[in-house]
Amino acid sequence: QVQLAESGGGLVQAGGSLRLSCAASGSTFSTGGMGWFRQAPGKEREFVAAIKWSGYNTNYADSVKGRFTISRDNTKRLAYLQMNSLKPEDTAIYYCAAGSYSANFYESTAYPYWGQGTQVTVSS
């Protein structure tokens, strides 16, 4: 089992920045990477970014490319999502997830482990 806990959400004005953290514990050696997803009210959960625990592979949704950066600290089993130039449409609950980092890294079904989520609200 893998346990995930997000932190760092909050309220920020448009154009501002936030950094989300995801702490992983348990059998993390069984996973290949981490992903961030978000879900806005009335919308489906969508992929934001993904990273492998090893190597330099990262992936981003088109909507956040150039504004968000995913990173990790393997020794601490932490994953981060640095969010800059935030827009009101980035408002959502953000979830971190752990999985095998397969070819379908952008699909929520690729991740068996999920955190509880952290709210990000961007005011205009």
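Evaluate the following for THR75: is it in contact with a strand residue (DSSP E or B) (Cβ under 9 Å, 6 or more places away or on another chain) and β-branched (Val, Ile, Thr)?
Against the criterion (in contact with a strand residue (DSSP E or B) (Cβ under 9 Å, 6 or more places away or on another chain) and β-branched (Val, Ile, Thr)), THR75 does not qualify.
Within the range 61-75, can you find the residues that are without any contact (Cβ under 8 Å) to a residue 24 or more places away in the chain, under 15 Å from MET34 (Cβ atoms) and open to solvent by 60 Å² or more (accessible area, probe 1.4 Å)? Once the filter is applied, which keeps residues that are without any contact (Cβ under 8 Å) to a residue 24 or more places away in the chain, under 15 Å from MET34 (Cβ atoms) and open to solvent by 60 Å² or more (accessible area, probe 1.4 Å), the range 61-75 yields THR69, ASN74, THR75. Would you confirm, using the coordinates I've provided, whether ILE70 is outside any loop (DSSP other than H, G, I, E, B), modelled with pLDDT of 95 or more and among the aliphatic types (A, V, I, L, M)? So ILE70 fits the description; yes. Cβ-Cβ distances below 6 Å connect the following pairs, each with a first residue in the range 44-55 that is more than 16 Å from THR28 (Cα to Cα), a second residue that is open to solvent by less than 30 Å² (accessible area, probe 1.4 Å) and part of a loop (DSSP other than H, G, I, E, B), and a separation of six or more residues or different chains: PHE47/ALA61; VAL48/ALA61; VAL48/VAL64. Look at (1) hydroxyl-bearing (Ser, Thr, Tyr); (2) open to solvent by 60 Å² or more (accessible area, probe 1.4 Å); (3) not in a loop (DSSP other than H, G, I, E, B) and you find that SER25 fails only one, number (2).
Residues that are out of contact with any Phe, Trp or Tyr (no Cβ under 6 Å at 6 or more places or on another chain) and at pLDDT 95 or above were ranked within the range 115-124; the one that is most open to solvent (accessible area, probe 1.4 Å) is GLN116. Within the range 76-107, if we keep just the residues that are under 17 Å from GLN39 (Cβ atoms), in a loop (DSSP other than H, G, I, E, B) and of a type in the set (Ser, Thr, Tyr), the residue that is modelled with the highest pLDDT turns out to be THR91.
Among the residues of the range 90-118, those identified as closer than 13 Å to GLY10 by Cβ and over 12 Å from the mean Cα position of the chain (by Cα) are ASP90, THR91. Restricting attention to the range 44-60, and to residues there that are in a loop (DSSP other than H, G, I, E, B) and open to solvent by less than 60 Å² (accessible area, probe 1.4 Å), which single residue is farthest from ALA14 (Cα to Cα)? Among them, the one singled out is GLY55.
The values are calculated or read from the model by the stated rules, or taken from the named source; none is laboratory data. Nothing here was measured: the structure is a model prediction, and the numbers come from that model. Neighbour counts are summed over all protein chains in view; Cβ atoms, including those assigned to glycine, are modelled from backbone coordinates with ideal geometry. SASA here: full protein model, heavy atoms, side chains in, ligands and nucleic acids out. Shrake-Rupley method; radii C 1.70, N 1.55, O 1.52, S 1.80 Å.
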